[in-house]
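A short reminder: the numbers here are calculations on the coordinates, not readings from a lab. What you are looking at is a predicted structure, and each value in this text was computed from that prediction instead of being measured. Please note: Cβ atoms are built from the backbone with ideal geometry, for glycine as well, and neighbour counts cover all protein chains shown.
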Amino acid sequence: MIKGHVNEFMEPVVSIVLRGKTRMTVSAVIDTGFNEYLSVPARLLKRLGWNRIGIETYELASGEKMESDTYLGIVIFGGKRRQVVAVAGSPSEVLIGTRLLDGMELRINFVSGRVAIENASR
């Protein structure tokens, strides 16, 4: 089980390990409106040395279309090593999208401030 917390901005946050030239554990915001695996700041992508694989066009909640470089990398999430595609995103935070949560159950308790993610039985 992955455990996290709700931060002062009412965002669910958990830790994730990014692997590349270096290994880094970072706090990541779970964004259920983001349908990809990860959004990672460009400065971290550079430090990790993840391979750029293309450009993706996606639509924000506002309807605005955005283009972003995409990268192939490795994460450790829930104790499992996974290959993911990440978009170069916000300069300040890592976002976990719903594709990384596929097959998992996400529970957010805003009263207690607890976040839990575990494998779901199908």
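Per-residue ellipticity at 222 nm computed for the chain from its helices equals -1500 deg cm²/dmol, with DSSP H segments shorter than 4 residues left out and the rest contributing -39,500 (n - 2.57). List the chymotrypsin sites (Phe, Trp or Tyr not before Pro) within the range 1-100 that fall in a DSSP loop (any state other than H, G, I, E or B) and whose Cβ has at most 16 other Cβ atoms within 10 Å. When the chymotrypsin sites (Phe, Trp or Tyr not before Pro) of the range 1-100 are filtered for loop state and at most 16 Cβ neighbours within 10 Å, F9 remain. Placing a pseudo-label 7 Å from each Cα along the Cα-to-Cβ vector at I74 and I2 gives an inter-label distance of 1.8 nm.
Of all DSSP bridge pairs formed entirely within the range 13-103, close to 80 percent run antiparallel. Each listed q (0.14, 0.22 Å⁻¹) maps to a log10 I(q)/I(0) for the chain from the Debye sum over equal C-alpha point scatterers, namely -0.59, -1.35. Shown here for the range 1-53: trypsin sites (Lys or Arg not before Pro) in loop regions (DSSP other than H, G, I, E, B) with at most 11 other Cβ atoms within 10 Å, namely K21.
Dividing the Cα radius of gyration of the range 1-51 by 2.2 N^0.38 Å, with N the residue count, gives 1.24.
Our note on the geometry: Cα centres of the range 47-86 and the range 14-29, 13 Å apart. With loop membership from DSSP and a limit of 10 other Cβ atoms within 10 Å, the longest segment of the chain without GluC sites (Glu not before Pro) is 65-122.
Among D69, D102, D31, the ranking by other beta carbons within 10 Å of each residue's beta carbon, starting with the fewest, stands as D102, D69, D31.
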